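The structure appears right after this line, and notes come after that.
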Amino acid sequence: MAGSRFRQLSLIESGVSGVNFRHITRMTTDEQEDLHAWMVRMLAAHRCHLGLYVAEAGTTTAEGDQIDADLWLAWDGVATFATAE
């Protein structure tokens, strides 16, 4: 739906073919929760393990997704280290 706000979470994987973003979840949002808190909640809910993840927030437009913010996070199931939003 064009104009709707969304958040998505992906696992970043690298290999001989390059970097891949394996999609974990995507949902529309009203943005009441900050991106970091949402990301940690989604990682826990999906039982994600050790890895590098990226959460993105943006708007769906007629031309495609427009990303407003992203957050890269190293996750070990308990602690996090993240870039600034």
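The values are calculated or read from the model by the stated rules, or taken from the named source; none is laboratory data. Because the structure is a prediction, the values reported are computed rather than measured. Virtual Cβ from ideal backbone geometry, glycine too; neighbours counted across all protein chains shown. To get the accessible areas, we keep the full protein, side chains included, count just its heavy atoms, and leave off ligands, DNA and RNA. Shrake-Rupley method; radii C 1.70, N 1.55, O 1.52, S 1.80 Å.
Find the accessible area per residue for the chain; the probe is 1.4 Å, ligands and nucleic acids are left out, and the unit is Å².
For the chain, the per-residue accessible area is 63 Å².
Farthest toward the dipole's positive end in the chain, which of 32, 62, 46, given Cβ charges of +1 (Lys, Arg) and -1 (Asp, Glu) about the Cα centre?
46
Of all accessible surface on the chain at a 1.4 Å probe, what whole percent is carbon and sulfur?
For the chain, the apolar C and S fraction of the accessible surface comes to 54 percent.
Quick one: net charge around residue 5, please, counting Lys, Arg +1 and Asp, Glu -1 for every other residue with C-beta under 12 Å from its C-beta.
-3
State whether the chain is rounded, prolate or oblate according to the following rule on the C-alpha gyration tensor (a ≥ b ≥ c being the square roots of its eigenvalues): a/c under 1.5 gives rounded; otherwise a/b larger than b/c gives prolate, and the remaining case gives oblate.
Oblate shape, in that a/c is at least 1.5 and b/c is the bigger or equal ratio.
With the contact rule set at Cα under 8 Å and sequence spacing of 6 or more, what percent relative contact order holds for the chain?
Here the relative contact order equals 31 percent.
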